[in-house]
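A.B. asks: Dropping a structure here in structure tokens format, bear with me for questions.
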Amino acid sequence: MSDKEKLISTAAAAAQKAYAPYSRFRVGAAVLADDGTIYTGVNVENRSYGLTICAERNAIAHAVAMGMKSIKAVAIYSPDSEDPLPPCGACRQVITEFSAPDAVVICCGRDKNAVEIPVRELYPMDSLHNLKKN
């Protein structure tokens, strides 16, 4: 199984654990760290929608809590979407914080019809990225 297939499969399994009682729109994410470790996250809704946590940011926060500092790829999957599901603007910003411009975001819908997008295309002109301290 390729890294891409494994990430999609892991994100799909994670989506089944999403907490989405209000929208009924479950999302799972899988983050592939530079060391090969995969971290997962799910969307966690709240009756105050502004406090909802997206699956991608949940997965990245999980990875950071475990010591990860660099992302190679992110897969996003929803069994409740026919179309490939891209990350929201806030998630795009967080993804760029922990990835190189050539990292890949894999967007999937229920049929696992994937679209791969390099971070540099998903979040172009990321001028603030140069301010990051290494």
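The values are calculated or read from the model by the stated rules, or taken from the named source; none is laboratory data. Everything numeric here is computed off the predicted structure, so don't read it as measured data. Virtual Cβ from ideal backbone geometry, glycine too; neighbours counted across all protein chains shown.
A.B. asks: Is there any pair linking a residue in segment 115-127 that is surrounded by fewer than 16 Cβ atoms within 10 Å (Cβ to Cβ) to one that is in a loop (DSSP other than H, G, I, E, B) and not polar (S, T, N, Q), with Cβ under 6 Å and at least six apart or on different chains, and which?
C.D. replies: Pairs found: Val115/Pro84.
A.B. asks: Let me ask you something else. Looking for something in contact with a strand residue (DSSP E or B) (Cβ under 6 Å, 6 or more places away or on another chain) and part of a strand (DSSP E or B) - is there at least one such residue anywhere in segment 61-68? Break it down into steps so the answer makes sense when it comes.
C.D. replies: Narrowing segment 61-68 to residues in contact with a strand residue (DSSP E or B) (Cβ under 6 Å, 6 or more places away or on another chain): 62-63, 68.
From what's left, part of a strand (DSSP E or B): none.
Among the residues of segment 61-68, not one is in contact with a strand residue (DSSP E or B) (Cβ under 6 Å, 6 or more places away or on another chain) and part of a strand (DSSP E or B), which makes the answer no.
A.B. asks: Separate question: Just one of (1) outside any strand (DSSP E or B); (2) among the hydrophobic types (A, V, I, L, M, F, W, C); (3) touching a strand residue (DSSP E or B) at 6+ places or on another chain (Cβ under 7 Å) trips up Ala90, so point out which.
C.D. replies: That leaves (3) as the condition not met.
A.B. asks: Another one. For segment 16-32, which residues satisfy the criterion of being without any contact (Cβ under 8 Å) to a residue 40 or more places away in the chain and surrounded by 20 or more Cβ atoms within 10 Å (Cβ to Cβ)?
C.D. replies: Ala18
A.B. asks: Oh, and also: Consider only pairs whose beta carbons are under 8 Å apart and that are at least six residues apart or on different chains; among these, list those whose first residue lies in segment 43-59 and is within 15 Å of Tyr22 (Cα to Cα) and of a type outside the set (Gly, Ala, Ser) and whose second residue is in a helix (DSSP H, G or I) and modelled with pLDDT of 90 or more.
C.D. replies: Listed by first residue and then by second, the contacts come to Asn43/Ala55; Asn43/Asn58; Val44/Asn58; Cys54/Ala90; Cys54/Cys91.
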